[in-house]
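The values are calculated or read from the model by the stated rules, or taken from the named source; none is laboratory data. Predicted model only: the values in this text are computed from it and were never measured. Cβ: placed from backbone, ideal geometry, glycine included. Neighbour counts: every protein chain shown. Areas reflect the complete protein model, heavy atoms only, side chains present, ligands, DNA and RNA absent. Shrake-Rupley method; radii C 1.70, N 1.55, O 1.52, S 1.80 Å.
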Amino acid sequence: MQARPTNRTGIYYVGFFLFFGGSRVYKITKIINNNVVCSVDTEGNEIILRGLGIGFKKRVHDRVENEKVEKIYRIDNPTTSNKLQQLLSEIPIEYVTVCTEIIEYAKDSLHKKLNDNIFITLTDHISFAIERKSAKLEYRNVLLTEIKTFYPAEYAVGLGALHIIKERLGVELSYDEAGFIALHIVNAELDTNMSNTVKITELIQQIREITKEYYGKEMEESSLNNDRFITHLKFFGQRLFNNKVSKDEDAEFQKIVKNRYLHDYGCAERIRTYIKEKYDKTITEEEMMFLTIHLRRLQMTSIEES
């Protein structure tokens, strides 16, 4: 893939990117370092301005012309904004530029909303990965196979990120790092923390193993129903580890599904038992119903292709 060039002028609101024209002048409210300062937008919201040398020899209340601003971040959560300011003060501006480009590339490629925290988590991770590379202390990604299988689109973005890093910074990171970057993106998509994202990935793998053992065969990975199943498991895992269980609202329909697909319900029961023993969490009958329906779809795919 070809890395997209970084836009030199623009305003970056978390969630979408807009070109900003004109000759606006910003008043500095706080100086982070030579390249990062704080200001306010027309609505009085705090924003972070980034640009080469925009804070050099400046003071609070001094002005910064629009043409000197490379990026503008507005993050509504004060805690996240403060963490981003701290991070921007600690790492080289070229790392920040590259990481922002990668996040823009991820949004453009995946067409999904990413949680604000990705500006902090991904930038911090990539900065540390580059440090570890120079010290010859690269980490092995033990979930790389699972990441490639369950998050192919995000892994593709991770590979694109490696290309951007190599092109912009001259640093060649391993494919393991593409997997780590993919996990950060999944984490931002699911709006959860990295620990839960790893648990979700491991949970998906274990459920696939249970399914394989129960039915005595591999699932067809290239089928649409398999993709639907994996997507369901991602959000099922998110609900599970964030303690947001589904409510049992249609007991009659759940009973119909159980009785009609009793064999597939048996597989769902094995999954429920595993989750109770491993995580001490209980699956509702509504979750069981959805698992059963997806398992039945998977079996129909196998029958049609056999």
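Report, by chain and number, residues whose modeled amide H sits under 5 Å from the one on C38, excluding near sequence neighbours (fewer than 5 apart, same chain).
When sequence neighbours closer than 5 places are left aside, the close amide H contacts are T29, K30, I31, I32, L49.
Can you send over the solvent-accessible area of D124, 1.4 Å probe, protein chains only, in Å² to the nearest 10?
Its accessible surface works out to 80 Å², give or take rounding.
Could you work out the relative contact order of region 52-192, using alpha carbon pairs under 8 angstrom and six or more residues apart, expressed as a whole percent?
Reported as a whole number, the value is 25 percent.
Let me check the size of region 229-301 from its C-alpha atoms; what are the radius of gyration and Dmax in Å?
Cα only, region 229-301: 11.8, 32 Å (Rg, Dmax).
Would you work out which of Y151, G170, T201 lies farthest towards the positive end of the dipole of the chain? Charges go on Cβ: Lys and Arg +1, Asp and Glu -1.
Of Y151, G170, T201, it is G170.
Normalise the Debye intensity by I(0) for the chain, one equal point scatterer per Cα, no solvent, then take log10 at q = 0.10, 0.11, 0.13, 0.15 Å⁻¹ and round to two decimals.
Calculated log10 I(q)/I(0) at the listed q: -0.66, -0.76, -0.95, -1.12.
Quick one: what Rg and Dmax do you get for region 61-109 from the alpha carbons, in Å?
Considering region 61-109 through its Cα atoms, Rg and Dmax are 12.6, 39 Å.
Ranked highest first by average number of other Cβ atoms within 10 Å, how do 174-184, 133-143, 151-161, 196-206 line up?
Taking the mean over residues of other Cβ atoms within 10 Å, the ranking is 174-184, 151-161, 196-206, 133-143.
Putting +1 on Lys and Arg Cβ atoms and -1 on Asp and Glu Cβ atoms, find which of G179, I293, I210 reaches farthest to the positive end of the dipole of the chain.
G179
Excluding same-chain residues fewer than 8 positions from K148, which lysines have a Cα within less than 26 Å of its Cα?
Within the straight-line cut-off, K148 pairs with K107, K112, K113, K133, K136, K166, K199, K212, K217, K234, K278.
State, to one decimal in nm, how far the label point of D62 lies from the label point of E138, with both points 7 Å from Cα in the Cβ direction.
Each label point is offset 7 Å from its Cα along the Cβ direction, giving 4.2 nm.
Viscosity 1.002 mPa s, temperature 20 °C: give me the Stokes-Einstein translational D for region 95-145 in µm²/s, with Rh taken as the Kirkwood radius over C-alpha pairs.
Using the Kirkwood radius from Cα pairs, D works out to 174 µm²/s.
What percent of all Cα-Cα pairs in region 159-296 falls in each 10 Å bin, counting up from 0?
Percent of Cα pairs in each bin: 11, 35, 31, 14, 7, 2, 0.
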